[in-house]
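The values are calculated or read from the model by the stated rules, or taken from the named source; none is laboratory data. Note that the structure is a prediction, hence the values are computed from the model and not measured. So basically every Cβ, Gly included, is an ideal-geometry build from the backbone, and we count neighbours across all protein chains shown.
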Amino acid sequence: MNLDNHNDCNNDYDDDKPKTPLEEDCCGNGCVPCVFDVHKKLLNEWESRKAQNVKVKTSSNLLSLLSYKPFVITDICKTSEDYILLHLEYKESKIQNGVSLHLIPGQYVMLHSWCMSRPYTPISWTRRSLILLIKVYKQGKFSTCLRDVPLGSIIDIRGPYGDFKYENNSFQQIIMFSIGSGIAALYPIAKTIIDDETELTKIHLIAGFQSIIHVPLKKELRYLTDYWNFKCTLQLSQSNGMSF
């Protein structure tokens, strides 16, 4: 056996070994997933691949599961009585070739600022920007800070997390249920299916809110209902339900 080749192989695997997070990378707020739990999972997967002599391609995702990346708040739009759309763009002007923001519809990211961390699900994204639907709670310190933060402020993001993956034309019909901000996880999944011209799956989204003024994404939902295979029913606690 050529020892030089053996050492080169080991060095290749060591280059892919997940870096151990620093103590300060943990916010101490009980995040799920905690950065140390994520590292443990990635390390176990890396050790398993190394034992089986399996090499994986280096990730080209702009986001990282283990470290925060800086994003600039470029816009904040009110979308209903207690919801905002938060627009963020990657801070660094230069991005390596082949590197961009990759998410699977329904995945979420962790936002960190003001010594706090919270999970949010992107509803839309490009290769270097994303949009988050944020419910603003009256007594919610983090969400009110996001609502009132000046444009141009920096928010740190890591992720994405979540293992759900939809397979094309897996079902004849999908019925989705959500309450309040839970619509953020379902909307991008529904939109991805509806935007795919090869999809024959019908979707019925049933979403619960307090009243019509509390419903976010009304314009976006109406757009989806222009397609033959999407229906949305709103269950409103302060009035009769309605369909788009």
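Of all residues being part of a loop (DSSP other than H, G, I, E, B) and out of contact with any strand residue (DSSP E or B) (no Cβ under 8 Å at 6 or more places or on another chain) in region 177-223, which is surrounded by the most Cβ atoms within 10 Å (Cβ to Cβ)? Just the residue, please.
Glu199
Which residue, of Leu86, Leu101, is in contact with a Phe, Trp or Tyr (Cβ under 6 Å, 6 or more places away or on another chain), crowded, with 19+ Cβ neighbours inside 10 Å and in contact (Cβ under 8 Å) with a residue 12 or more places away in the chain?
Criteria check complete, one pass: Leu101.
Would you be able to tell me the number of residues in region 128-159 that are within 10 Å of Ser113 (Cβ to Cβ) and touching a His at 6+ places or on another chain (Cβ under 8 Å)? If you could, list the steps in order and put the result at the bottom.
The first filter runs over region 128-159 and keeps only residues within 10 Å of Ser113 (Cβ to Cβ), leaving 142, 145-146, 149, 153-157.
From what is left, the residues that are touching a His at 6+ places or on another chain (Cβ under 8 Å) are 155-157.
Number of matching residues: 3.
Looking at the structure I just gave you, is Gly159 modelled with pLDDT under 95 and either surrounded by 21 or more Cβ atoms within 10 Å (Cβ to Cβ) or not in a strand (DSSP E or B) (or both)?
Working: modelled with pLDDT under 95: yes; either surrounded by 21 or more Cβ atoms within 10 Å (Cβ to Cβ) or not in a strand (DSSP E or B) (or both): yes.
The answer is yes for Gly159.
For (1) touching a residue at least 12 places away in the same chain (Cβ under 8 Å); (2) charged (D, E, K, R); (3) over 14 Å from Ile84 (Cα atoms), each residue gets a yes or a no:
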residue: Phe142; (1), (2), (3): yes, no, no
residue: Ile154; (1), (2), (3): yes, no, yes
residue: Ile157; (1), (2), (3): yes, no, yes
residue: Tyr161; (1), (2), (3): yes, no, yes
residue: Asp196; (1), (2), (3): yes, yes, yes
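Please find, among Gln96, Gln107, the residue that is within 24 Å of Thr233 (Cα to Cα) and either in contact (Cβ under 8 Å) with a residue 40 or more places away in the chain or surrounded by fewer than 17 Cβ atoms within 10 Å (Cβ to Cβ) (or both). Give the steps one after another, and end with the answer.
Working: Gln96 fails: within 24 Å of Thr233 (Cα to Cα).
Among Gln96, Gln107, only Gln107 is within 24 Å of Thr233 (Cα to Cα) and either in contact (Cβ under 8 Å) with a residue 40 or more places away in the chain or surrounded by fewer than 17 Cβ atoms within 10 Å (Cβ to Cβ) (or both).
Given the criteria among the hydrophobic types (A, V, I, L, M, F, W, C), assigned to a strand (DSSP E or B) and touching a helix residue (DSSP H, G or I) at 6+ places or on another chain (Cβ under 7 Å), does Leu130 qualify? First the steps, then the outcome.
Working: among the hydrophobic types (A, V, I, L, M, F, W, C): yes; assigned to a strand (DSSP E or B): yes; touching a helix residue (DSSP H, G or I) at 6+ places or on another chain (Cβ under 7 Å): no.
Against the criterion (among the hydrophobic types (A, V, I, L, M, F, W, C), assigned to a strand (DSSP E or B) and touching a helix residue (DSSP H, G or I) at 6+ places or on another chain (Cβ under 7 Å)), Leu130 does not qualify.
Filter region 61-103 down to residues that are under 30 Å from Arg222 (Cα atoms) and in contact with a helix residue (DSSP H, G or I) (Cβ under 9 Å, 6 or more places away or on another chain), then give me how many there are.
11
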